[in-house]
Amino acid sequence: MPWYNAHPDYTGVEVSLDAETAIVIGAGNVAMDVARMLALDPSELDPTDTAEHAIAALKNSNIRKVYICARRGAEHAAFTSPELRELPKLEHTNVIISKSDIDAAIVAAGDSPEKDVKSNLDAMLAIAEHEKTNHARTMEFLFHHVPTEIKGSGHVQEVVFKTPAGEKVIKAGLVISAIGYEAAPLTGITYDKGKVLNTDGRVKENIYVVGWAKRGPSGVIGTNKSDAAAVIELLISDLKAPKNSGDINDLIGAHKVITQTHWEAINTAEVSSGEPLGKPRVKVADKIELLRLGGL
C-alpha cells in the first residue's frame with residue numbers, strides 16, 4: 001500500500017507482477033484496496049494520484065486474477081460498506097462473491113446484527129447478486145480459507161488453504177499479507193495485542209500515541225485525523241507550564257522539522273503538477289525533492 005501511495009521509504013521496492021494470479025490474505029480495507037489495485041485496469045489509475053512508479057509497473061503487470069482470502073466468514077470481515085459498494089463500479093474487472101457465503105453469514109450474524117455488520121453484509125450481498133460480467137480481470141472473495149502453507153521453488157507457486165470442504169490449493173505467483181498491524185516495539189513501552197497500552201492516547205508522562213498504534217487497525221483517514229486532534233487536546237490539557245526551550249528545533253536537534261507551512265508548499269507544488277494532466281496531484285516520493293519543494 002505505501003508503495004503505490006508514494007511513501008518515500010518504498011520507492012525502491014521491486015514488486016513482482018509477472019504471475020497471472022495473486023492472493024491477498026486478509027479481510028479489511030487494506031486487503032481490499034491492495035486487491036483492487038492489482039485487479040483493475042491500470043488505465044483507470046491515469047487520472048488518480050497513484051504514485052507514477054506504481055502506475056508504470058501495474059501497466060506491465062500480468063496479473064489477471066486476484067483472490068482475497070479471509071480465514072473466517074463474511075460476518076467477521078472488517079471491510080467498510082462504502083468501500084465495498086465502490087467495487088461493482090470497476091469498469092474492467094469482474095468482482096465475485098459467493099451468494100451462499102453471504103447467506104450463511106447473514107444467518108450466523110443473527111436477527112439483530114450490529115449496524116456495521118449488517119451494512120457490510122448488505123453491500124456484499126449486492127455484489128453477489130450483481131449481474132455477472134465477463135472481463136479479462138477478476139477479483140474474487142474467498143471466506144473460510146485459512147492459509148496453512150506457501151509452496152514454491154525460489155518463488156511463490158501455490159498456497160495451501162484449510163477450508164470447510166477440506167484442503168484446497170491455489171496456484172499463484174504473488175502473495176500479499178494484510179492481516180493486521182503491530183506497533184514497532186520501543187523500550188519502556190507496554191503493548192497489548194499489537195497496540196501501545198494507553199488511556200485515551202496517554203501512555204505515560206510526556207508520551208502519547210495516536211492512530212492504529214493507539215486503537216489497532218481500524219477506521220479510515222478521517223478517523224485518524226479526528227483521533228489525532230483529540231490526543232493533541234489531551235496533550236495541551238496535560239501541559240501545566242510552557243517548556244523552557246523556545247523552538248521545537250532546539251528540542252529535536254539536527255533533524256529537519258516539516259511544519260504546516262512546509263507541507264502547504266509541497267501540497268501546492270503537487271497539485272499544480274497534476275492540474276495539466278487532469279489529476280488531483282502528482283505525488284512526489286523522493287525525500288530530497290519533497291524537502292526542496294517545502295523550502296527546506
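The values are calculated or read from the model by the stated rules, or taken from the named source; none is laboratory data. On a predicted model such as this, the values are computed, not experimentally measured, just so you know. As a convention, Cβ positions derive from the backbone with ideal geometry for all residues, glycine included, and neighbour counts pool all protein chains shown.
Scanning the range 1-39 for residues that are out of contact with any strand residue (DSSP E or B) (no Cβ under 7 Å at 6 or more places or on another chain) and among the β-branched types (Val, Ile, Thr) yields THR11, VAL13, VAL15, VAL30.
Cβ separations smaller than 6 Å between residues 6+ apart or across chains give the following pairs from the range 147-175 residues that are free of Cβ contacts under 8 Å to residues at least 24 places away in the same chain to residues that are basic (Lys, Arg): THR148/LYS162; GLN157/LYS151; GLU158/LYS151; GLU158/LYS171.
Of THR138, THR133, THR50, all but one fail to be under 17 Å from ILE176 (Cβ atoms), surrounded by fewer than 18 Cβ atoms within 10 Å (Cβ to Cβ), of a type in the set (Ser, Thr, Tyr) and out of contact with any Gly (no Cβ under 9 Å at 6 or more places or on another chain); the exception is THR138. Taking the conditions exactly as written (more than 30 Å from PHE79 (Cβ to Cβ), in contact with a helix residue (DSSP H, G or I) (Cβ under 6 Å, 6 or more places away or on another chain) and either modelled with pLDDT of 85 or more or exposed (fewer than 11 other Cβ atoms within 10 Å of the Cβ) (or both)), does SER273 satisfy them or not? For SER273, the condition - more than 30 Å from PHE79 (Cβ to Cβ), in contact with a helix residue (DSSP H, G or I) (Cβ under 6 Å, 6 or more places away or on another chain) and either modelled with pLDDT of 85 or more or exposed (fewer than 11 other Cβ atoms within 10 Å of the Cβ) (or both) - is not met.
In the set GLU83, GLU44, GLU14, only one residue is closer than 23 Å to HIS145 by Cα and among the acidic types (Asp, Glu); that residue is GLU83. Among the residues of the range 195-240, write down those that are over 17 Å from the mean Cα position of the chain (by Cα), of a type in the set (Gly, Ala, Ser) and not in a helix (DSSP H, G or I). Of everything in the range 195-240, just one residue is over 17 Å from the mean Cα position of the chain (by Cα), of a type in the set (Gly, Ala, Ser) and not in a helix (DSSP H, G or I), namely GLY201.
Residue pairs whose Cβ atoms lie under 8 Å apart, separated by 6 or more positions or on different chains, with the first residue in the range 183-198 and hydroxyl-bearing (Ser, Thr, Tyr) and the second modelled with pLDDT under 85 and part of a loop (DSSP other than H, G, I, E, B), are TYR191/GLU182; TYR191/ALA183; TYR191/PRO185. Close Cβ contacts (under 8 Å, 6 or more residues apart or on different chains) running from residues in the range 111-131 that are over 11 Å from PRO88 (Cα atoms) to residues that are surrounded by fewer than 12 Cβ atoms within 10 Å (Cβ to Cβ) are absent.
There is at least one residue in the range 88-97 that is surrounded by fewer than 16 Cβ atoms within 10 Å (Cβ to Cβ), touching a His at 6+ places or on another chain (Cβ under 7 Å) and of a type outside the set (A, V, I, L, M, F, W, C).
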